[in-house]
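J.: The structure follows.
The values are calculated or read from the model by the stated rules, or taken from the named source; none is laboratory data. Please read these numbers as outputs of a predicted model, since none were measured by experiment. All Cβ positions, even for glycine, are placed from backbone atoms using ideal geometry, and neighbour counts span all protein chains on display. Quick note on the areas: whole protein, heavy atoms, side chains included, nothing else; ligands and nucleic acids left out. Shrake-Rupley method; radii C 1.70, N 1.55, O 1.52, S 1.80 Å.
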Amino acid sequence: MRNTANTIENEEIDITNNFGTLYHPKSALVFYETEDYNPDGYVEHFDIDRNGNPINAHPLTVREAQRLSKMLNIQNKKDKDFLRPSGVISESILFIDTSENGKVVWYTKAQERHLLFTDKLSIPNGLAYLPPLVWCANKQGMKIFALETNQRPSEETPLFHAPFFNVYESGSVCMGTVDVKIKSSTSLEEFTNKWEDYFFNSYFSHLVNNHNPTKGNCVNLWKNLIQSKEVFPTDILINSNLTLKNLL
């Protein structure tokens with residue numbers, strides 16, 4: 001490849017068109033403080049001209065301070081909205097931790113969902129019945145397990161390995177290239193829906209560390225379920241030796 005470094009060394013290249021949303025500076029605050037034992041201080045406000053230069057220096061006014069306070073309060077409110085329910089909490093919710101990196105544990109009853117598989121598995125994409133599932137997720141990742149019945153689980157309810165590809169023996173899900181984006185303002189309902197969508201809208205591709213989560217051949221299981229449209233056979237589930245209490 002020809003070296004073009006010398007031909008562009010002094011050339012200015014405008015790359016601003018490659019940026020995403022641009023934020024333009026409008027004002028700046030400078031905080032001054034005396035060097036006394038009990039220092040005093042004040043805040044000076046600068047406007048920013050169209051060339052990015054500070055102009056019109058003046059002490060911060062009450063109106064400007066109120067505007068700044070309002071902006072900070074809005075952001076603080078967004079942070080506090082994390083995992084806030086939009087209405088009455090669904091009975092499917094089993095546990096909520098609303099801290100900064102909080103988590104939610106919920107369950108879903110047996111249902112029919114559309115599943116996606118990579119070509120190498122030779123399983124056709126399509127609708128299949130699933131067993132009841134227990135989900136445990138925070139902003140970064142998720143675990144999933146299966147249940148024997150649709151009954152709402154208690155702390156002592158045994159958890160079974162989720163009968164899917166891409167799941168570790170620990171229950172953690174390998175998300176691969178899925179771009180997980182959970183905002184700090186995400187409501188409880190949005191949070192659980194997002195994680196279910198992430199899971200079912202990604203392609204199942206492999207058994208992680210050769211962990212077979214079912215009794216028998218996992219590939220044949222899903223081939224048969226998609227072709228036959230039969231109810232999921234919970235007798236092929238394998239006990240994980242964990243209970244719901246281990247996720248709380």
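J.: Out of the residues in the range 222-235 that are under 18 Å from Leu147 (Cα atoms) and in contact with a Pro (Cβ under 7 Å, 6 or more places away or on another chain), which is least open to solvent (accessible area, probe 1.4 Å)?
T.: Selected residue: Phe232.
J.: Looking at Trp135 and the list (1) in contact with a helix residue (DSSP H, G or I) (Cβ under 9 Å, 6 or more places away or on another chain); (2) open to solvent by less than 40 Å² (accessible area, probe 1.4 Å); (3) among the aromatic types (Phe, Trp, Tyr); (4) closer than 25 Å to Gln227 by Cβ, which single condition is not satisfied?
T.: Every listed condition holds for Trp135 apart from (4).
J.: Hey, does the range 217-232 have a residue that's out of contact with any helix residue (DSSP H, G or I) (no Cβ under 6 Å at 6 or more places or on another chain) and within 18 Å of Ile93 (Cα to Cα)?
T.: no
J.: Could you figure out which of (1) modelled with pLDDT of 85 or more; (2) open to solvent by 40 Å² or more (accessible area, probe 1.4 Å); (3) part of a loop (DSSP other than H, G, I, E, B) isn't true of His24?
T.: Here His24 meets the rest and fails (1).
J.: Right, here's the next one. What pairs come up if the first residue lies in the range 44-57 and is farther than 19 Å from Leu22 by Cα, the second is assigned to a loop (DSSP other than H, G, I, E, B) and of a type in the set (A, V, I, L, M, F, W, C), and their beta carbons are under 8 Å apart, counting only those six or more places apart or on different chains?
T.: Matching pairs, first to second residue: Glu44/Leu60; His45/Leu60.
J.: Sort out which residues of the range 171-189 are open to solvent by 60 Å² or more (accessible area, probe 1.4 Å) and over 10 Å from the mean Cα position of the chain (by Cα), and write them in order of number.
T.: Within the range 171-189, Gly176, Thr177 meet the criteria.
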